[in-house]
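As structure tokens, the structure follows; a few thoughts come after it.
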Amino acid sequence: MTHSEGAAEAPAAIDRARARATFDAYVAPYDADNPCIALKVEHTLRVAELAQRIAQGAGFTPVGIDICWLAGLLHDIGRFEQLRRWDTFRDDDSADHAAIGVDVLFEGATHLDDPALVHAVPASRPDDDAFAAHAYEAGALAAFAPGTAADPAGAEIIRAAVGYHSAFRLPDALDVRTRAVCDVVRDADKIDILRVTCTDDVETVLGITEDELLASDVSPAAEDAFFSHRCVRRDERREPADYLVGLACFTYELVYPASLEIALDQGFIFQPFERPFGIRRAFTNRATAHLMNRMDGHLRAWVDERTEASGARTPAL
């Protein structure tokens, strides 16, 4: 997707106004009074913008930048059915939201009740059929970008970017162009999740109280992941504070130099340790408080090394 790659293989350009209008129409029937729905709409639009900025910084072609923007716009489309059916962001307690997104975009929302996708069967609701019809009619990739949907290469890139955006690791078999877009979307998603979790409240995001978060431990697996400079796997997150450690670990796995620079400019990298969810009180769990201080210093040193090596700006901390 860079200037050096063959233009003949590039997917069709994106009509952004159409794609954005289609997104607005798709989310319109969902409960706008639910703060989680509002959160996901705002997150989606920011990820699309961030994906564009990262792709531009990485030297993608204009068409490549467009496809990254579209993939960012669509990456979390599965969240809306997840929230309506299960009222949670937790995939383990509902269904894989990325797989729901692929189903809506590419399979006509025909697998929403498939046991292979669903981890917890939701209670039946009288509007299920109406929403399934809505997903079928309004959620197809062709509704967002007919040219991309008609182009096999472009459609497969979007499928991969949506399907793998929250995976712990990308499959080794991805081709270079697909991996490049997937990495852009994953970077953009990580950057904005840092923002969401530092500007929204703990009850909305984690479903617990401030006191419960501040009293929690950090599990050994999450601690090991942090000091190994890798992301925390979902099955390693045992304690509420592990979520904060996992957020901080996002910084280690940002692929593009432009992504780290954007994250630094936004100023949210260190807030999981400083003011998680805007909480200014200290951890009441003294062991966690001590460990969080250590992690904060370690991450700052790591970021300093990377920015000095790449020439990226380091803001005043």
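Distance in nm between label sites at residue 137 and residue 116, each 7 Å beyond Cα in the beta-carbon direction?
Between residue 137 and residue 116, the simple spin-label model gives 2.9 nm.
Share of Cα-Cα pairs in region 193-317 beyond 17 Å, in percent? Can you show the working numbers first?
Details: 4206 of 7750 pairs.
For region 193-317, the share of Cα pairs beyond 17 Å comes to 54 percent.
For the chain, what does the helix formula give at 222 nm: sum of -39500 (n - 2.57) over DSSP H segments with n ≥ 4, over the residue count, nearest 500 deg cm²/dmol? Don't skip to the end; give the middle numbers.
On the way: 17 runs with 191 residues, N = 317.
My calculation for the chain gives -18500 deg cm²/dmol from helical runs alone.
Using modelled amide H (1.01 Å from N, peptide plane; none on Pro or chain starts), what sits under 5 Å from the amide H of residue 95, excluding residues fewer than 5 places away?
119
Between residue 294 and residue 153, what length in nm is gained on full extension when 0.36 nm per residue of separation is reduced by their alpha carbon distance?
Gain in length upon complete extension: 46.2 nm.
Among 91, 31, what is the fewest-to-most ranking by other Cβ atoms within 10 Å? It would help to have the intermediate numbers written out before the result.
Values: 91 19, 31 13.
Taking fewest neighbouring Cβ atoms as first place, the list is 31, 91.
Distance from the Cα centre of region 139-155 to that of region 221-246, in angstrom?
So the two Cα centres are separated by 36 Å.
What ratio of Cα Rg to 2.2 N^0.38 Å holds for region 7-187?
On the way: Rg = 15.6 Å, N = 181, 2.2 N^0.38 = 15.9 Å.
In units of the 2.2 N^0.38 Å rule of thumb, it is 0.98.
Taking 20 °C and 1.002 mPa s as the conditions, I'd like the Stokes-Einstein D for the chain in µm²/s, using the Kirkwood hydrodynamic radius from alpha carbon pairs.
Working: Rh = 20.3 Å.
Translational D for this selection: 106 µm²/s.
Order of 219, 166 from fewest to most other C-beta atoms within 10 Å? The partial results should precede the final answer.
Numbers: 219 17, 166 21.
Arranged by neighbour count, lowest to highest, 219, 166 become 219, 166.
In region 213-310, which trypsin sites (Lys or Arg not before Pro) are in a loop and have at most 11 other Cβ atoms within 10 Å, using DSSP for the loop call?
On the way: sites: 230, 233, 234, 237, 238, 280, 281, 286, 294, 300, 306; in loops: 230, 233, 237, 238, 280, 281.
Answer in residue order: 280, 281.
Residue by residue, what Karplus-based ³J(HN,Hα) values in Hz, rounded to whole numbers, does region 211-225 have, using 6.51, -1.76 and 1.60 with θ = phi - 60° and x for Gly and Pro?
Calculated HN-Hα couplings, in order: 4, 5, 5, 5, 9, 7, 8, 10, 6, x, 5, 5, 4, 4, 4 Hz.
Counting C-alpha atoms alone, how compact is region 93-192: give Rg to one decimal and Dmax as a whole number, in angstrom.
Final numbers for Rg and Dmax: 14.7, 45 Å.
Counting other beta carbons within 10 Å of each residue's own, what order do 112, 170, 206, 73 fall into, fewest first?
On the way: 112 22, 170 16, 206 19, 73 26.
Lowest count first: 170, 206, 112, 73.
Rounded to the nearest 0.05, what FRET efficiency do residue 224 and residue 42 have when you use their Cβ-Cβ distance and R0 = 30 Å?
Values: r = 33 Å, r/R0 = 1.12.
The computed FRET efficiency comes out at 0.35.
Read-outs: derived from the displayed coordinates by stated rules, not from any lab. Fair warning: this is a prediction, and the values are worked out from it, not measured in the lab. Quick reminder, even Gly has a Cβ in these numbers, built from the backbone with ideal geometry, and neighbours come from all protein chains shown.
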